[in-house]
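Have a look at the structure below before the remarks.
The values are calculated or read from the model by the stated rules, or taken from the named source; none is laboratory data. Since this is a predicted model, take the numbers as computed values, not measurements. Cβ atoms come from the backbone with ideal geometry, glycine included; neighbour counts cover every protein chain shown. Remember, those area values only see protein heavy atoms, side chains included, never the ligands or the DNA or RNA. Shrake-Rupley method; radii C 1.70, N 1.55, O 1.52, S 1.80 Å.
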Amino acid sequence: MALTGRTALLAALGALPVGILAPSWVGMLAVNAPLSLAILCDYLLAAPVRTLRFTRSGDTTVRLHEQANVQLMVSNPSARPLRAQVRDVWPPSSWTPGTEQAASRHRLNVPAGERRRLSTMLRPTRRGDRRAELVTVRSYGPLGLAARQGSHRVPWTVRVLPPFTSRKHLPSRLARLRELDGRTSVLARGQGTEFDSLREYVPGDDTRSIDWRATARQATLAVRTWRPERDRHILIVLDTGRTSAGRVGDVPRLDAAMDAALLLTALASRAGDRVGLLAYDRRIRAQVLRRSAHELLPAMVDALAPLEPELMETDSRGLTAAVLKSAPQRSLIVLLTGLDATPIEQGLLPVLPQLAQRHTVVVASVMDPKVQQMSLERGDIQAVYGAAAALQTLEQRRRTAQQLERYGATVVDAPPELLAPSLADTYLALKAAGRL
């Protein structure tokens with residue numbers, strides 16, 4: 001049973017004159033006995049809560065910070081009308097701060113034998129699966145003095161997907177890609193190109209590109225055109241170890257790496273290349289391999305959604321073994337990890353030659369722009385010491401990047417908002433150079 005504010009107000013109003021005029025236990029009992037009887041009757045006349053039936057429907061996926069609509073159907077099989085307050089309980093991260101109470105609480109009137117639909121609007125603030133906890137119902141009697149209260153477990157899961165904010169860079173990179181692929185064919189043949197088509201000779205074309213057999217068949221000069229090779233293999237590797245848990249601004253490093261992975265996936269799949277995903281720390285956390293072009297991006301977004309950083313050191317040897325197993329043929333390996341000196345020197349550098357011998361390796365890392373800003377400050381003694389520490393950090397990252405490059409890796413080190421387009425530009429440059 002739950003008592004309402006109206007009950008407390010009536011009890012206070014009844015006790016006030018008794019306490020002022022004739023304070024006694026008999027007077028208090030004379031006031032509260034009718035009120036207690038009214039509370040009991042009101043409780044008995046309230047619609048039962050245990051017999052209510054609930055079903056859910058609505059959205060099962062939503063992008064981070066976007067809105068999802070989950071509907072709750074409430075059926076009242078009893079012979080009494082239901083006048084209730086319903087709370088649809090979800091984790092706190094299902095709403096932006098300050099909006100939970102308005103979004104999760106509903107007032108409801110359901111006549112006997114009928115049903116009504118409620119809508120709960122979610123706006124999640126974290127990735128992953130958001131599961132409904134309980135539906136708590138407080139059923140009021142006709143006088144509004146007492147209520148029956150109970151909870152029901154009505155399961156529903158909404159998967160919160162990465163926001164993919166870097167998709168705004170996709171049109172410009174696709175325009176550059178069209179300059180490399182078969183839509184803008186080239187005459188020069190070199191490593192990483194394949195035959196595209198024949199066209200009529202135009203004065204100024206390289207005479208070495210003339211196809212004499214085709215010329216003999218059609219009695220006009222025909223030249224061969226070439227384009228960058230398609231059907232290359234790309235494996236994106238996400239380091240989900242402890243370094244990925246660090247926050248740059250208000251975003252974890254892992255989230256910035258996911259955004260870069262999604263842009264590269266969208267771009268490479270449009271280029272006709274095969275893209276795979278591997279998330280690893282000490283075991284495989286997510287894996288997407290051998291998917292068709294139209295299935296690839298949805299599968300990768302779904303696999304990335306529940307990923308969270310693990311507070312443990314990444315096993316570089318295990319990661320290398322997993323990469324070699326997932327990519328048996330020559331591939332472009334894109335490793336999204338940190339550039340901290342100690343983990344790189346003790347973990348990645350000893351195994352990097354094994355990867356670089358068989359694959360083209362790109363190491364991408366999220367740089368903290370605040371460190372760059374600190375290195376330029378000179379206001380007071382504290383700022384000078386901060387600038388010295390920042391310069392030392394930047395120098396360590398530069399030396400670490402040089403070590404990786406000496407082993408044959410290409411290094412991309414950029415702030416969170418620039419990592420995705422910088423990685424896409426590196427992919428296009430490697431494709432143009434025929435290194436895939």
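Summing Lys and Arg as +1 and Asp and Glu as -1 over all other residues whose Cβ lies under 14 Å from the Cβ of residue 142 gives a net charge of +3. For the chain, the longest principal axis of the C-alpha atoms and the axis of helix 25-45 are separated by about 50°. Here the chain is treated with +1 on each Lys and Arg Cβ and -1 on each Asp and Glu Cβ, and its dipole about the Cα centre works out to around 1400 debye.
Between the residues 306, 47, 108, the greatest Cα displacement towards the positive end of the dipole of the chain, with unit charges on the Cβ of Lys, Arg, Asp and Glu, is found for 47. In degrees, nearest 10, range 0 to 90: what is the angle between the Cα axis of helix 293-304 and the longest Cα principal axis of the chain? Roughly 50 degrees between the two axes.
Expressed as a whole percent, the accessible surface of the chain that belongs to carbon and sulfur atoms is 53, based on a 1.4 Å probe. The trypsin sites (Lys or Arg not before Pro) of segment 226-316 that DSSP puts in a loop, and whose beta carbon has at most 16 other beta carbons within 10 Å, are 230, 282, 283, 290. For segment 297-436, taking the reciprocal of the average inverse distance between every pair of different Cα atoms yields a Kirkwood hydrodynamic radius of 16.9 Å. A simple charge model with +1 on the Cβ of Lys and Arg, -1 on the Cβ of Asp and Glu and nothing else charged puts the dipole of segment 289-382 at about 640 debye relative to its Cα centre.
Taken about its Cα centre, segment 249-330 carries a charge dipole of about 540 debye when Lys and Arg each add +1 at the Cβ and Asp and Glu each add -1 at the Cβ. Between the helical axis of 316-326 and the longest alpha-carbon principal axis of the chain there is an angle of about 70 degrees.
Each of 354, 85, 260 was placed along the dipole of the chain (beta-carbon charges, centred on the mean Cα), and the one lying farthest toward the positive end is 85.
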